[in-house]
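Working notes for the structure below.
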Amino acid sequence: MKTALSTLEMRRATSVAEALEILRDEPRMPIAGATDVYVGLNFGTLPELRYLDIWALDELRTITVNEDVLVLGALATYTMMVASALVQERLPMMIEAARQVGGPQIQNRGTIGGNIANGSPAGDSLPVLAACDAVVVLQSAGAERRVKFTEFYTGYRKTVMRRDELVVAVEVPRVSGRQWFRKVGTRAAQAISKVVVAGVRGEGARIAVGSIAPTVIRLTATERALATGSLDEAMVALRGEVNPIDDIRSTADYRKRVTENLVRRFWTETA
Amino acid sequence: MRFTLNGVATDVAAHPMKRLLDVLREECGLTGTKEGCGEGECGACTVLVDGVTVCSCIVPFGQAQDADVVTIEGLGNAHGLQQAFMDEVGAQCGICTPGMVVAASVLNEDPSLEEIRVGLAGNLCRCTGYAAIYRAILSSARAGKA
Amino acid sequence: MTTAVGQSVSRKDGIGKATGATKYADDLHFPGMLFGRTIRSTIPCGRVKSIRMDFDTSGFTIVDYRDIPHRNVVALIDEDQPYLVETEVRHMAEAIVLLAHEDREKLLGANVVIEYEEAEPVFDPERSPHSFKDITIEKGDVEDALASAEIVVEGTYRTGHQEHVYIETNGVIAVPEHGGIALYGSLQCPFYAYKALRSVLGNDHPLRVIQTETGGGFGGKEEYPSMIAGHAALLAVKSGRPVKIIYDRVEDMVATTKRHPSIVRHRTGLTREGRLVAMDVDVILDGGAYSTLSAVVLSRGCIHAAGPYRCDNVKIFGRAMFTNTPPNGAFRGFGAPQTEFAMEVHMERIAEQLGMDSLTLREMNALRPGDMTATSQVLKQDASALECLQEAVRRTDYRRKREELKGTNRGIGLALFYHGAGFTGAGEQRLASKARLDLTATGARIMVASTEIGQGTRTMHAQIVSDALGVPYETIEVAQPDTSVVADSGPTVASRTCMVVGKILERCALEMKERLEGMTPAQYHAKHGAFSIVKEHIQPEWMRWDDDNYQGDAYATYAWGCDVAEVEIDRDTYEVRPVKVTAVQEFGRPIHPALAMGQIEGGTVQGLGYALLEHVVMKNGAMANPTLTNYTIPTTLDTPELDIVMLENHYDGGPFGAKGLGELPMDGPAPAVVNAIRHLGLDLRDIPAIPETLIACASL
Ligand SMILES: Cc1cc2nc3c(=O)[nH]c(=O)nc-3n(C[C@H](O)[C@H](O)[C@H](O)COP(=O)(O)OP(=O)(O)OC[C@H]3O[C@@H](n4cnc5c(N)ncnc54)[C@H](O)[C@@H]3O)c2cc1C
Ligand code: FES
Ligand code: FES
């Protein structure tokens, strides 16, 4: 590990209430499944020195339905979601996404709350949540607020979450319409997304794409065009709202063309 | 900090943010668990925590508190999989093997080839092309049934 | 009659590996041990202006070039590479200063500030002003033949870097002992490291090198360990304490060698029916900043550049160019995968231009016994190109599939290839490898420097000795290579360990058998005590090689192969997934069928990674994606069904008819895959065939 251990400090919370009190009193970076945090520590790229272990908060390790809303507790792992009949019934595209995260070891440990809070534009569950108009539930000591998922991110790995808050759950209202998911990764497993598309086709279309912008994005202009016009018109709209970049994993041109192709495929396959 | 290591109640005084991998190798002297990347990618460091596979290079020791940790050493020397890895030459250089065997140990009893491929997708092997590893696991399952 | 050879006997090292008991370099600890760290350049080209230790240096051992007792040069072929930069920096991640400390945290925290004067780097091998080595192979008159050829087809083919990704990174421990150094390390060639240490430390220190169990090599632990061994030894000499250096994955990827990228140009003349009449091949390898092994990689690459085909007029011109990038080095196949890739994709393009079936084209031109190679070597009966081709075609129902899949999202392609076993030309003769066999109270012990790196050296050598000596396999022990006790059987490279070293061991065993006069080893030992037999390699007397003109018997024998790849494309994402690969390979005789199978399967998958996934992104002369996350080797789910066929065609000069096998499987997958992609209608000529490349390909 490249980070000096002696400079680090970690507390372990045993209840959500305790965790929130600790965060109220001092800023600490939460650690859930550690699959993002520890990669950063191993590479010596995380400036953070003080941590809060929330892995033991079983209260957050839940998947329930409440008044027709699917509630994924922040510590729900990919393995839990894949095994959940509720997720299978209501949000099958999340199962698709979860199955393709890393490998089994990562799925056993990585959490939905971590994926959300980490805010990587390549996070595979994020387009799913964006496409189904999910709501992030944030708690701080004595307070709770709900933020629309599509308003959660403000920039590259930046969110509206305050340092005294935890993601405790994400709520997914019933999705009407057909769900569609496609990840284009660097390989077949243990892969980071180069383009990841989640779509819902109900009355109109809801399409979210990851890895092509600083945050996961909804293709609102494309969605509007699909609702009122032809697929070709939608493609014109898409080209106007998709501006990816080159990086070590892929190229702007590739991302743009593949996004276009996949949105086309989504529309024809869900017709 | 207390936890169960290979079935034995264990108490180790180490920094809670030390990687579980380092605690096992350095504090507990169990060097069967290997490091191939330190980024959760290769699976050479795979151990079981409460019955499921994790990459011990990205688990803080503090999260193993009160947990049940099993390493390659904890599978014993007579595990059917180990014999099968020998017979089928599932190990070439052997550096991925402990992680592979641990990951294979939690597959269901009679896995299909597809289940094996999915179950081992988090374990990289550069020597075998995986085929001999599949043969080892399949033959071990057959032996288990017999 | 053989009882061990030809059987898949239990691996000598099987149980230790399966139970995790086997110790690798990082698992070893020595009392008082320090940890070492390498401070590396952060510019690709320039000079060091100043170095400042910006930390509390108490408790640290600090080494720079001035601490080198003898020569600041890594002993290899051209001896141009320093252990530690004096002033000139030629590439990123070049070692400048070494630190050691007992506390790893303090070690990592140490900040060394280096100021540079930067100069203009060269990254493009085609624009490089300097070639490490030029090679010309000439037979017949190419220009003449091209001028009179009915058809001429030209093409340029490129291959990228490839990283070895042994799952165990490079690591060594230097331990002071008897006024000298014992060096333990993960390495393929103990005597290379030994010679390198002699050059850096001089002759005053007693030295020995002990190979620790090695978690994969693939060529990546051929010459590079000499560097890290020298570094650890320098720190150990200065501190007087054991020093362990283990690279983390990022350092291993950024600083150590890779497969040479290549640019190969073909100009080929043919008759209208498809007979090859002239081959003009231009090979450029990117050597990186120091020569290391580039000259010999180029040599093997050039010798294989005309593929397994007969043609009377051949000219191959190769250069290994200097660039300001970390030196490239040995990697399974050693130049041949690059040039055979170009040849096999070119054959496909020739067939396309002739409007003929590429299978017929290959059948017509494939080398047969009695034919002459590009170096004018006349092949003997152990040449099996046609047999491999025909079996692969039959087994995969190739002709029918090729027709049927046309216009679908599946494609099928094929590659025919060969690989020379052992060192090139007079190389084995110069090397004069020795092997030793000791009689023990229960059997015999093999005393060679050939290393077990996963491929099964111990097991396979023990099988050969067991049958030659006529004693049970279990009674044969194999010594861990330690240069102070084993014979120098040469490096564990070039697919030579079975064919060359195995043969010497066979001769040792036969002589030992004679000495036993019908007694068992136990009986003899009880009566007369132990004895040893040492033998040296004997070059087949028929071999002739002209090193100046690159003509003659380049290799004692060749192994042959034909791979068929079936792939599937997603036309929306340009992802190509291999569906099935059939590999038909002839390598004399499998001593241990399961081990041989493992070599073919593992090599084939490494070749598939090379073809489809493995992309080294270079930025400013350094690998920009040096992690296992971003440099992607195949996982289980990237690996297709493999169908392996082992054909036999014994080579008389090898033990029990065996040839070399280790590298052959690496040569075929990339061209087979690319030809399958061409079958899908994409004009692809380069690898890696990542989707980003494919999306930009023209349609055929
Ligand atoms: C080998 C490997 C492969 C991977 N593959 C994929 C992949 O295919 N797709 C993908 O999307 N991701 C992948 N990841 C990334 C990672 O696994 C996921 O992002 C995972 O969901 C993170 O969850 P975690 O619980 O491990 O997060 P942690 O690492 O514990 O935390 C991540 C971040 O979120 C914060 N955080 C965590 N929980 C909360 C909370 N409840 N409230 C507030 N903040 C919180 C932490 O402070 C930290 O900043 C991979 C990682 C690895 C190592
Ligand atoms: S070392 Fe933990 S996954 Fe590679
Ligand atoms: S056996 Fe060498 S990496 Fe798997």
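Just so it is clear, none of the values below were taken in a lab; they were calculated from the coordinates. These numbers come from a predicted model, not from an experiment. Here Cβ is always computed from backbone atoms with ideal geometry, including for glycine, and neighbour counts include all displayed protein chains.
Look at the dipole of region A:178-269 built from charges on Cβ: of A:225, A:245, A:200, the Cα furthest out on the positive end belongs to A:200.
Taking Rh as the Kirkwood radius computed over C-alpha pairs, what is the Stokes-Einstein D of chain C at 20 °C in a medium of viscosity 1.002 mPa s, expressed in µm² per second? Write out the running numbers ahead of the final one.
Values: Rh = 26.1 Å.
Estimated diffusion coefficient is 82 µm²/s.
Judged by the ratio a/c of the largest to the smallest principal axis of the C-alpha gyration tensor, region A:5-53 counts as prolate, that ratio being 1.5 or greater while a/b is larger than b/c. Look at where the Cα atoms of region C:599-613 and of region C:392-454 average out, and the two centres are 13 Å apart.
Roughly what % of DSSP beta bridges within chain C run antiparallel, to the nearest 5? Each step should come with its number before you reach the end.
Values: 93 of 122 bridges.
So the antiparallel bridges in chain C amount to around 75 percent.
With a ≥ b ≥ c taken as the square roots of the eigenvalues of the C-alpha gyration tensor of region A:141-266, please select rounded if a/c is under 1.5 and otherwise prolate if a/b is larger than b/c or oblate if it is not? Here region A:141-266 falls in the oblate category. Hey, if you drop one equal point scatterer on each alpha-carbon of region B:81-145 and run the Debye formula without solvent, what base-10 log of I(q)/I(0) do you get at q = 0.12, 0.14, 0.17, 0.23 Å⁻¹? The computed values of log10 I(q)/I(0) come out as -0.23, -0.31, -0.47, -0.90. Our coupling estimate for region C:618-628, obtained by passing each phi through the Karplus curve with A = 6.51, B = -1.76, C = 1.60 and θ = phi - 60°, is 9, 10, 6, x, 9, 5, 8, 10, x, 9, 6 Hz, Gly and Pro reported as x. Under a 5 Å amide H cut-off, with hydrogens placed 1.01 Å from N, residue C:183 pairs with C:175, C:208, C:209, C:210 among residues at least 5 apart or on other chains.
Each 10 Å bin from zero up to the one holding the largest Cα-Cα distance in region C:507-624 carries the following percent of pairs: 9, 19, 20, 24, 15, 9, 4, 0. Note on region B:2-75: Cα-only Rg and Dmax are 10.7, 30 Å.
Between residue C:58 and residue C:479, how high is the FRET efficiency from 1/(1 + (r/R0)^6) when r is the Cβ-Cβ distance and R₀ = 30 Å? Nearest 0.05. Could you put the intermediate results ahead of the total?
On the way: r = 43 Å, r/R0 = 1.42.
Computed FRET efficiency for residue C:58 and residue C:479: 0.10.
With charges set only on the Cβ (+1 for Lys and Arg, -1 for Asp and Glu), what does the dipole of chain C come to about its Cα centre, in debye to the nearest 20?
Working: 70 positive and 94 negative charges, 223 e Å.
Dipole about the Cα centre, nearest 20: 1080 debye.
DSSP beta bridges confined to chain A are antiparallel in about 85 percent of cases. The residue C:364 and residue A:2 beta-carbon pair, evaluated with R₀ = 56 Å, returns a calculated FRET efficiency of approximately 0.45.
With q set to 0.05, 0.09 Å⁻¹, the log10 of I(q)/I(0) for the protein assembly as shown, from the Debye formula over equal scatterers at the Cα positions, is -0.33, -1.11. Shape index of region A:58-173: Rg/Rh, with Rg the Cα radius of gyration and Rh the Kirkwood radius from the inverse mean 1/r over Cα pairs, equals 0.93. Between region A:196-249 and region C:649-677, the alpha-carbon centres lie 48 Å apart.
At each listed q (0.10, 0.14, 0.16 Å⁻¹), what is the log10 of I(q)/I(0) that the Debye formula gives for chain A modelled as equal alpha-carbon point scatterers? Rounded to two decimals, the profile gives -0.50, -0.97, -1.24. Any idea which of C:146, C:24, C:187 is furthest toward the positive side of the dipole for chain C, if Lys and Arg beta-carbons carry +1 and Asp and Glu beta-carbons -1? Looking along the dipole axis, the top candidate is C:24.
Label sites at residue A:248 and residue C:111, each approximated as a point 7 angstrom past Cα along Cα to Cβ, lie 2.3 nm apart. For residue C:451, the residues 5 or more places off, or on other chains, whose built amide H falls under 5 Å of its own are C:492. About its Cα centre, the dipole of chain A is roughly 740 debye, where the only charges are +1 on Lys and Arg Cβ and -1 on Asp and Glu Cβ. To the nearest 0.05, how large is the calculated FRET efficiency for residue C:409 and residue B:142 if R₀ is 25 Å and r is the Cβ-Cβ distance? According to the calculation, E is roughly 0.10. Per-residue Karplus couplings for region C:53-60, computed as 6.51 cos²θ - 1.76 cosθ + 1.60 with θ equal to phi - 60°, are listed in order as 8, 9, 7, 6, 7, 5, x, 8 Hz, Gly and Pro entered as x. Residues in region C:537-547 carry Karplus couplings, in order, of 4, 10, 6, x, 5, 7, 6, 10, 8, 10, 6 Hz; the curve used is 6.51 cos²θ - 1.76 cosθ + 1.60 with θ = phi - 60°, and Gly or Pro positions show x. Around residue A:53, what is the net charge, scoring Lys/Arg as +1 and Asp/Glu as -1 over all other residues with Cβ under 9 Å from its Cβ? Combined, the nearby Lys, Arg, Asp and Glu give +2.
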